[in-house]
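Some notes on the structure that comes next.
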Amino acid sequence: NAEDFHTTYDTTCNFVWMEDFEDPSISIDSLSPSKVNILRTNPANNPEAFISSNSAYSGIITMTSDKNYFRLSTNVGLDEGFDLPRGNNPIFLEINYKCDAVFRVGVFSKYYNTVETNPLVNMNPSQEWNKIYINLKPIVNASVNALYFNIFFEGYASDALEETKIYFDNIKLITR
């Protein structure tokens, strides 16, 4: 039975970044040429949100035929990012999500004069909440001279739907 399984984080885990959408201020912003932004579900405990004892809100992206593309990133406009460890240290991005259309998760590697876009995983449509752990260690280790990293999300509206919705919750960037 799924309710019988419980996991915990090792005491050596370092939570580099977390976004649970419980605070009205969201730490992910739209990035050009995005046509929509991410918002919080409304009201609290909306049945579409990921509801738990610690969660009354989720992030939601709503796209239509004229607002049909989103691109979101961490640290937009701040010219900074996450300093992630190279070597054997594990680096994972944990995400709860459900979605009406495929969306992509990736990493921007910032160098002195350039930003490298590294798409990593495409998420398929799912009407149920899912959790995924994305291993970022290979891309971080391959980006030897990168100064810092940012996480990005992007996707297009489904042509088959009047309104395409993508939900996020409990996003965590974790190292040890």
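The values are calculated or read from the model by the stated rules, or taken from the named source; none is laboratory data. As the structure is a computational prediction, the values presented were derived from the model and not from experiment. Positions of Cβ are generated from backbone atoms using ideal geometry, with glycine treated the same way; all protein chains shown enter the neighbour counts. For accessibility, only protein heavy atoms count, side chains too; no ligands or nucleic acids. Shrake-Rupley method; radii C 1.70, N 1.55, O 1.52, S 1.80 Å.
Descending by average beta-carbon neighbour count within 10 Å, the peptides 76-87, 137-148 line up as 137-148, 76-87, the highest first.
A Förster radius of 22 Å combined with the Cβ-Cβ distance from residue 147 to residue 89 puts the calculated FRET efficiency at roughly 0.80.
Cα centroid distance between the stretch 1-76 and the stretch 93-122, in Å? So the two Cα centres are separated by 15 Å. May I ask which of 35/137; 35/98; 137/165; 67/137 have a Cα-Cα span longer than 28 Å here? Where the Cα-Cα span goes over 28 Å, the pairs concerned are 35/137; 137/165; 67/137. Share of carbon and sulfur in the accessible area of the chain stands at 48%, probe radius 1.4 Å. Which one, [x] 9, 34, 35, 19, 3, 0; [y] 9, 36, 37, 16, 2, 0; [z] 10, 38, 40, 12, 0, gives P(r) over Cα pairs in 10 Å bins from 0, in percent as derived from the coordinates shown? The value computed from this structure is option [y]. Note that the chain presents 55 Å² accessible area per residue, ligands and nucleic acids not counted, probe 1.4 Å.
Taking θ as phi - 60° and the Karplus parameters 6.51, -1.76 and 1.60, the scalar couplings of the stretch 102-119 work out to 4, 9, 10, 10, x, 10, 8, 9, 9, 9, 4, 10, 9, 10, 9, 9, 10, x Hz in sequence order, x denoting glycine and proline. Counted by Cβ distance under 12 Å from residue 30, the other residues give a net charge of +1, where Lys and Arg count +1 and Asp and Glu count -1.
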